[in-house]
Ligand SMILES: *Cc1c(COP(=O)(O)O)cnc(C)c1O
């Protein structure tokens, strides 16, 4: 074979539902030199990263760390470590990622119960509480922002409901964290996981996680009996965690004061995760959420200014991603392809019931920026016109610009 040249990606503006273009300083951080896993610099960087993410999650949880792997790694670690075989797990499903939580809980041998609502809607807290009373789960697993539908499930009352019924509360905040409000402690969240490639503005490959004392208690109680289980060879025992890599008991011991070796922390991803949080907190958590809110509102107004119809319950939409109906007669994939090849801009397709019906446009992290919003709208207008849609000239950019001028 001929040996390919060094990696040389094309210039792209990633305006889909993730991954997005990373903050330049995150890419620079990833090219920093490596150190050994027990180098004092490395352990200090791990401790700094934990402290930064306590602020990102708005928590005092000691157990705030990274799981190495994409967001799904964090989800799997949380579920396989918190759920014992036969435990009842309740998953309210309002999009694709709810189905993923249910699937992972099934693989962890839980008795999984789901409730569903239409795509484009969220659950009223009372509906979740009714299901909790009926199912009596040990764990509620609930997505916060589901990129498949763009909906943002309100969580502020859920923790109190779970605590009242003695249920652990886990949420997947991958798509929403840093672009929408999230308050781990104030909302009574027991476990939450995320990824870097959405509003945190990094590459995929590291999953921030935070665990309440109650969640850590469940994990520790399993770890205590586990040594005995291993000795007896009784790997059918319910306390036996069926994963080594995602066993949070072991991962906590690696990040904790004893630094017991488990995996080798992914050094370059740690640098990336640290830089994502550092960038966020330097700008300010509230300021970054406000920047996402503004960019999201401008993109929505711009899409409407182009005559497009927004999908779903706009009052419960995440700030950072918009679903718009593909105009009649436009071949969705060919138009997305034209945006990519002629303008270097990527927007997203859709899954399940929305496939072929909507495009998803993200304004996240580094790309929650006025120039990125306006450039995308210019390109979208040109492509829609080429595919025969009678778009109002300049309608998208004008409407989005108005939102930005009102905001100053
Ligand atoms: C994007 C997204 C993920 C992605 O998981 P990866 O393993 O990083 O691909 C998970 N959950 C939600 C809610 C998401 O929006």
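The values are calculated or read from the model by the stated rules, or taken from the named source; none is laboratory data. Here the structure is a predicted model, which is why all the values come from computation and not from measurement. Using ideal geometry, Cβ is built from the backbone for each residue, glycine included, and neighbour counts are taken over all protein chains shown.
Among the residues of segment 117-132, is there at least one that is more than 29 Å from residue 283 (Cβ to Cβ), touching a residue at least 24 places away in the same chain (Cβ under 8 Å), surrounded by fewer than 18 Cβ atoms within 10 Å (Cβ to Cβ) and touching a helix residue (DSSP H, G or I) at 6+ places or on another chain (Cβ under 8 Å)? For segment 117-132, residues more than 29 Å from residue 283 (Cβ to Cβ), touching a residue at least 24 places away in the same chain (Cβ under 8 Å), surrounded by fewer than 18 Cβ atoms within 10 Å (Cβ to Cβ) and touching a helix residue (DSSP H, G or I) at 6+ places or on another chain (Cβ under 8 Å): present.
Within segment 324-339, the only residue that satisfies the criterion of being touching a residue at least 40 places away in the same chain (Cβ under 8 Å), out of contact with any helix residue (DSSP H, G or I) (no Cβ under 7 Å at 6 or more places or on another chain) and outside any loop (DSSP other than H, G, I, E, B) is 334.
Consider segment 144-166 and keep the residues that are buried (at least 24 other Cβ atoms within 10 Å of the Cβ) and more than 29 Å from residue 367 (Cα to Cα). The one that is farthest from the ligand (Cβ to nearest atom) is 162.
The residue pairs whose first member lies in segment 169-182 and is closer than 14 Å to residue 316 by Cα and touching a residue at least 12 places away in the same chain (Cβ under 8 Å), whose second member is in a loop (DSSP other than H, G, I, E, B) and more than 12 Å from the ligand (Cβ to nearest atom), and whose beta carbons are closer than 6 Å, counting only pairs six or more residues apart or on different chains, are 179/319; 180/319.
Rundown of residues vs (1) more than 14 Å from residue 268 (Cβ to Cβ); (2) at pLDDT 95 or above; (3) within 16 Å of the ligand (Cβ to nearest atom); (4) assigned to a helix (DSSP H, G or I), yes/no style:
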| site | (1), (2), (3), (4) |
| --- | --- |
| 22 | no, yes, yes, no |
| 27 | no, yes, no, yes |
| 35 | no, yes, no, no |
| 50 | yes, yes, no, yes |
| 53 | yes, yes, no, yes |
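Scanning segment 107-116 for residues that are surrounded by fewer than 17 Cβ atoms within 10 Å (Cβ to Cβ) and at negative phi yields 107, 111, 116.
Report yes if residue 179 is within 16 Å of the ligand (Cβ to nearest atom) and either outside the structural domain of residue 354 (by TED's automatic domain parsing) or surrounded by fewer than 22 Cβ atoms within 10 Å (Cβ to Cβ) (or both), otherwise no. So residue 179 passes the test. Against the numbered list (1) within 11 Å of the ligand (Cβ to nearest atom); (2) not in a loop (DSSP other than H, G, I, E, B), residue 220 comes up short only at (1).
A quick yes/no check of all residues on (1) closer than 27 Å to residue 70 by Cβ; (2) at pLDDT 95 or above; (3) not assigned by TED's automatic domain parsing to the domain that holds residue 86:
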| position | (1), (2), (3) |
| --- | --- |
| 207 | yes, yes, no |
| 217 | no, yes, no |
| 226 | yes, no, no |
| 238 | no, no, no |
| 261 | yes, no, no |
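Looking only at segment 64-94, residues that are in a loop (DSSP other than H, G, I, E, B), at negative phi and in contact with a strand residue (DSSP E or B) (Cβ under 7 Å, 6 or more places away or on another chain) come to 4 in all. Residues that are surrounded by fewer than 13 Cβ atoms within 10 Å (Cβ to Cβ), under 24 Å from the mean Cα position of the chain (by Cα) and closer than 20 Å to residue 206 by Cα are absent from segment 245-263 altogether. All conditions in (1) surrounded by fewer than 20 Cβ atoms within 10 Å (Cβ to Cβ); (2) under 30 Å from residue 389 (Cα atoms); (3) within 16 Å of the ligand (Cβ to nearest atom) hold for residue 310, with the sole exception of (3). Got a sec? Which of 81, 71 is surrounded by 23 or more Cβ atoms within 10 Å (Cβ to Cβ) and within 16 Å of the ligand (Cβ to nearest atom)? Matching residue, one of 81, 71: 71. For the residues 95, 86, the requirement of being assigned by TED's automatic domain parsing to the domain that holds residue 122, over 11 Å from residue 170 (Cβ atoms), at pLDDT 95 or above and surrounded by 24 or more Cβ atoms within 10 Å (Cβ to Cβ) singles out 95.
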